[in-house]
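Engineer: Let me give you the structure first, and then I'll get to my questions.
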Ligand code: AP5
Ligand code: MG
């Protein structure tokens, strides 16, 4: 039994705001599983199937994957018993349509937003390194012990295919136009909590944990 009252949580924030970095901390504290739509989609990119080619054509240049496809892959998965105690959603929803579909299927308890500027996002994403399992590092802010090797699983680190200057700008522009509308959507439902994502990784985690200790 989960003793926390927050069981279904969404993490919003621009690209590079630290959603996937902080979702682990939140998930661990609330004893709920994190689920990253981006990481799930990237797993389908491997191989040479029609689905992988279709997804690549959206993800690599920084475009959103069409709603029907993402909804099918994510909402269906959330119904799995793995998520019976709740979930910490990172990267979904990204627009009002996705949020409405989610609301029809689940009662969302809380939405956290990590606020950062485009300038900071660009700086962070230009130094990000990831492994195949989605563990995240940074050449300055979160260095792996061995150069280009993941501390957690020993696999090689690489730069994500959508972390190029052009694709980062595209992703940020879509975020500001479409995803940011969700802030108002959840604010009027009294579910939105905003954090200053420009602080260090440790300080952002501390702010979130402080909030959770008082409210979860
Ligand atoms: P996704 O994988 O979700 O990527 P994103 O939205 O672009 O967000 P990021 O993962 O880039 O940023 P993050 O906030 O997780 O930052 P991180 O913690 O890594 O989606 C990828 C693609 O999939 C989308 O573009 C789209 O094509 C598709 N997609 C996914 N969901 C979809 C949906 N619902 N609908 C349609 N399409 C969808 O941190 C970034 C870096 O900064 C790291 O190196 C980290 O170490 C560092 N860092 C983190 N916090 C700090 C800090 N406080 N100070 C300094 N450095 C920090
Ligand atoms: Mg992420």
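Values in this text are rule-based calculations from the coordinates and carry no lab data. All figures in this text were calculated on a predicted structure; none of them were measured in a lab. For neighbour counting, all protein chains shown are included, and Cβ atoms are generated from backbone atoms with ideal geometry for every residue, glycine included.
Engineer: Relative contact order for segment 1-88: what is it in percent, counting Cα pairs under 8 Å that are at least 6 residues apart?
Structural biologist: So the answer I get is 45 percent.
Engineer: Please tell me the relative contact order of segment 70-152 in percent, rounded to the nearest whole number, where contacts are Cα pairs under 8 Å and at least six residues apart.
Structural biologist: Contact order relative to length: 15 percent.
Engineer: State whether segment 170-216 is rounded, prolate or oblate according to the following rule on the C-alpha gyration tensor (a ≥ b ≥ c being the square roots of its eigenvalues): a/c under 1.5 gives rounded; otherwise a/b larger than b/c gives prolate, and the remaining case gives oblate.
Structural biologist: It comes out oblate by the Cα gyration axes.
Engineer: A follow-up question, please. Can you tell me the equivalent ellipsoid semi-axes for segment 114-216? Use √(5λ) from the Cα gyration tensor, largest first, whole Å.
Structural biologist: Working through the eigenvalues yields semi-axes of 27, 20, 12 Å.
Engineer: Using a 10 angstrom cutoff on alpha carbons, build the Gaussian network for the chain and name the most mobile of 19, 146, 132.
Structural biologist: The residue that fluctuates most here is 146.
Engineer: What's the extension gain from residue 79 to residue 177 if we count 0.36 nm per residue and subtract their Cα-Cα distance?
Structural biologist: Taking residue 79 through residue 177 to full extension adds about 32.3 nm, to one decimal.
Engineer: Decide, for segment 146-187, between rounded, prolate and oblate: order the square roots of the alpha carbon gyration tensor eigenvalues as a ≥ b ≥ c, take rounded if a/c falls under 1.5, and otherwise choose prolate if a/b is larger than b/c, else oblate.
Structural biologist: Oblate.
Engineer: Roughly what would the spin-label model give for residue 105 and residue 147, points 7 Å off Cα along C-beta, in nm?
Structural biologist: 4.4 nm
Engineer: From the square roots a ≥ b ≥ c of the eigenvalues of the alpha-carbon gyration tensor of the chain, which class results: rounded (a/c under 1.5), prolate (a/b over b/c), or oblate?
Structural biologist: Rounded, because the longest to shortest axis ratio a/c is under 1.5.
Engineer: May I ask you to sort 126, 23, 173 by Cβ crowding, counting other Cβ atoms within 10 Å and putting the fewest first?
Structural biologist: With the sparsest Cβ surroundings first, the list reads 173, 126, 23.
Engineer: Can you grab the distance from the C-alpha centre of segment 112-191 to the C-alpha centre of segment 61-106, Å, no decimals?
Structural biologist: About 19 Å separates the Cα centre of segment 112-191 from the one of segment 61-106.
Engineer: How big is the antiparallel share of DSSP beta bridges in the chain, given as a percent to the nearest 5?
Structural biologist: 25 percent
Engineer: Can you compute the helix-only [θ] at 222 nm over the chain? Use -39500 (n - 2.57) per DSSP H run of at least 4 residues, normalise by all residues, nearest 500 deg cm²/dmol.
Structural biologist: When only DSSP H runs of four or more count, the value is -13000 deg cm²/dmol.
Engineer: Related question: Please state the relative contact order of the chain as a whole percent: Cα pairs under 8 Å, 6+ residues apart?
Structural biologist: 31 percent
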